[in-house]
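Here the structure is laid out as structure tokens; the discussion comes afterwards.
The values are calculated or read from the model by the stated rules, or taken from the named source; none is laboratory data. Here the structure is a predicted model, which is why all the values come from computation and not from measurement. Using ideal geometry, Cβ is built from the backbone for each residue, glycine included, and neighbour counts are taken over all protein chains shown.
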Amino acid sequence: MLYLVTPHNESIRDLIAKRELGLFITPFTGIRQRADETWAADNGAFTGFKATKYLRMLELLEPHAKSSLFVAVPDQVADWTTTLELYQHWNQKVAAYGYPRALVIQNGATSEVIPWDDCEAIFIGGTTDWKLGPMAAQISHVAKTKNKHLHMGRVNSLRRLMYANSIGCDSADGTFLKFGPDKNLGRLMRWIEAVHNAPQTNLFAN
């Protein structure tokens, strides 16, 4: 599983270049994309979606579209009905730039109503209780059977990272490094090593 981060310092940037971490871009961060980096992009909805900044991000990153893991299509936090409406409005615009589209699942989502044919990735959002609950896990299971990239947002502890790994996540992101990148980088890398060395688990195994 790849942990996606903002490059707060050169040590982090070096680890992104080595592909030990992935680059996570938002409409509100400076965009410095290198051709050899593994990356994905968020939509900024958690802090307040701005359409002009989002579209500008899509335009600037278009030369690197084929190397992206996903771009999160606009959503509404903890509101599945509104998220689906936003997805219907935005997903073809994102696809037109050549990006893999991530549908951000929210409280109220079920696997039966997800437009599986119109997304390449599932981004687990929603409130903390919901994203760690049975429905998000069930959707994750279906996503993996359909070969969709699976991502979990707001992963800021070893316990959460282990859980994301247990339900099949291919990537995760969090703000753990934001408030102390020099101090916390070593700790994050130890979490990642612990996940990689942990026995493989499958939440849905019999």
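With respect to Ala96, is the statement that it is of a type outside the set (Asp, Glu) and touching a residue at least 12 places away in the same chain (Cβ under 8 Å) true? For Ala96, the condition - of a type outside the set (Asp, Glu) and touching a residue at least 12 places away in the same chain (Cβ under 8 Å) - is not met. Restricting attention to segment 177-197, the residues that are out of contact with any Leu (no Cβ under 6 Å at 6 or more places or on another chain) and surrounded by 14 or more Cβ atoms within 10 Å (Cβ to Cβ) total 6. Residues that are surrounded by 23 or more Cβ atoms within 10 Å (Cβ to Cβ) and among the β-branched types (Val, Ile, Thr) within segment 55-100 comprise Val71, Val73, Thr83, Val94, listed in sequence order. Quick check on segment 101-119: of everything there that is of a type outside the set (Ser, Thr, Tyr) and surrounded by fewer than 17 Cβ atoms within 10 Å (Cβ to Cβ), which residue is farthest from Phe49 (Cα to Cα)? By that ranking, first place goes to Glu112. The number of residues in segment 197-206 that are modelled with pLDDT under 75 and over 24 Å from Met135 (Cβ atoms) comes to 1. All told, Thr29 falls short of being within 17 Å of Ile124 (Cα to Cα), at pLDDT below 90, of a type in the set (Ser, Thr, Tyr) and assigned to a loop (DSSP other than H, G, I, E, B).
Just to be sure, is Glu85 under 23 Å from Tyr163 (Cβ atoms), at pLDDT 95 or above and of a type in the set (D, E, K, R)? Outline the logic, then answer.
Values: under 23 Å from Tyr163 (Cβ atoms): no; at pLDDT 95 or above: yes; of a type in the set (D, E, K, R): yes.
It is false that Glu85 is under 23 Å from Tyr163 (Cβ atoms), at pLDDT 95 or above and of a type in the set (D, E, K, R).
As a summary of the residue check, Val94 satisfies the conditions (1) in contact with an Asp or Glu (Cβ under 7 Å, 6 or more places away or on another chain); (2) over 20 Å from Ile12 (Cα atoms) except for the one numbered (1). Among the residues of segment 106-164, the one identified as of a type in the set (Phe, Trp, Tyr) and farther than 28 Å from Lys178 by Cβ is Trp116. Residues that are surrounded by 20 or more Cβ atoms within 10 Å (Cβ to Cβ) and in a loop (DSSP other than H, G, I, E, B) within segment 10-25 comprise just one, Leu21. How about segment 37-56: which of its residues are among the aliphatic types (A, V, I, L, M) and within 16 Å of the chain's Cα centre (by Cα)? Result: Ala40, Ala41, Ala45. When the test is whether a residue is farther than 26 Å from Lys146 by Cβ and modelled with pLDDT of 95 or more, Ala194 passes it.
For segment 43-54, filtering for residues that are surrounded by fewer than 16 Cβ atoms within 10 Å (Cβ to Cβ), in a helix (DSSP H, G or I) and of a type outside the set (A, V, I, L, M) leaves 2. Scanning segment 45-75 for residues that are in contact with a Pro (Cβ under 8 Å, 6 or more places away or on another chain) and in contact (Cβ under 8 Å) with a residue 60 or more places away in the chain gives Leu69, Phe70.
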